[in-house]
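Each reported figure results from applying straightforward, stated rules to the coordinates on display, with no laboratory input. Every value quoted in this text rests on a predicted model; they were computed, and no experiment measured them. Neighbour counts are summed over all protein chains in view; Cβ atoms, including those assigned to glycine, are modelled from backbone coordinates with ideal geometry.
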Amino acid sequence: MFQNSNKKLFLTLTALIAVISLALTGCSDDNSADMSSPEEKPLIVVTTNILGDVVTSMVGDNFDVEIIMPPGSDPHDFQASAKHVAKIMEADLLIANGANFEEGMLDVLAAAESDGVMIFEAISFVNELEAHDDHGEEAHDDHESHDHGGVDPHFFTDPARMAQVVEGLSQFLVANFPEVNESSLVSNATSYMEELESLDAEVEEILSVIPVGSRILVTNHSVFEYFADRYQFEILGSIIPSSSTLSSASAKQIANLAEELKLNQITAIFADASSSDALAQALAGEADNVKVINLYSESLGDPNSIGATYIDMVRFNAEAVASALFK
């Protein structure tokens, strides 16, 4: 009888241990489910920091966004690191400016396309302007390697065109990423597009103080053609007569432009904050009472700067131009 009692007790304890073990296993499974990482979002990799800021602002929390070029970069000569290349190759979508703007990354972009990475070229969604690359007789032989295929890549100096890019990208993302919340994405994009349209109207108001006869720009290189097209400015000339900073200017070209400045009583030269203004300063020295104004033309400024976002950049540029040319 004692043996039978022990046997029953053993069986009872065994059953109890089994029940407790199952309960603990269930709790462990529940905790694992609670601690599991959230579903990964599609990854968008963007080449330039200007487009990176725009894309980040318009997609909200629907995508992860990685930006290749840091603030202050010159997009024409920026070289992607091995880490950058790896990130590009794993992207669900690569967004580039287009028109060969990212000159130092063309081989990487071509490799990504060959590898099957989905690519969105922003400039394809705007009314393009022809590049005015006039190098003159004394231009260096290597200038041909820096041309943009006849298309000026600097559409982003016009916020109205950037709004068109946002609209096109929104439709592209909805069509190609059905797993993303369409309502949230479209709402974010529409809200940001309205901000850009308001910015366009604000810029027009800021520039309205400049008389028609004073709406003349002299720039470091051919970067403000879209700005001029949108807000009715004349581009008198560029120190580097190309849409690329990788080109150069001859002494004769600078001397000729200095004469144009004197003839037209130009008082300001607009240089690029992301590249050297040495040539602009040299030109100013050749003319009379001419100041050099640095604008955020091809890159955003540092996070704490007045040009930290695309909207801030465009607003600052408009205010700087208005201040310099208002008479």
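Taking only the C-alpha atoms of the range 83-131, the Rg (one decimal) and the largest Cα-Cα distance, Dmax (whole number), read 11.4, 34 Å. Phi-derived couplings, Karplus 6.51 cos²θ - 1.76 cosθ + 1.60 at θ = phi - 60°, listed residue by residue for the range 172-185: 5, 5, 4, 6, 9, 10, x, 6, 7, 5, 4, 4, 5, 4 Hz, with x used for Gly and Pro. Computed over the range 158-240, the convex hull of the alpha-carbon atoms projects to a mean area of 6.6 nm². Segment PHE326..LYS262, full-extension length gain: 21.3 nm, with 0.36 nm per residue of separation and the alpha-carbon distance subtracted. For VAL186 and ASP115, a Förster radius of 30 Å and the Cβ-Cβ distance give a FRET efficiency of 0.50, rounded to the nearest 0.05. Computed extension length for GLU197-ASP107: 28.9 nm, one decimal, from 0.36 nm per residue of separation with the Cα-Cα distance subtracted.
Taking a sphere under 10 Å around the Cβ of THR157 and counting the other residues whose Cβ falls inside, with K and R at +1 and D and E at -1, yields a net charge of -3.
Taking 0.36 nm per residue of sequence separation and removing the Cα-Cα distance, the VAL85/SER276 pair yields an extension gain of 66.0 nm. For the peptides 222-229, 272-279, the ranking by packing is 222-229, 272-279, with the highest mean count of neighbouring Cβ atoms within 10 Å listed first. Taking amide H positions as modeled 1.01 Å from N, with prolines and chain starts lacking one, the residues under 5 Å from VAL292 and 5 or more places away or on another chain are ILE269. Summarising the amide proton neighbourhood of VAL46: residues at separation of 5 or more, or on other chains, whose placed amide H is nearer than 5 Å comprise GLU66, ILE67, ILE68, ILE95.
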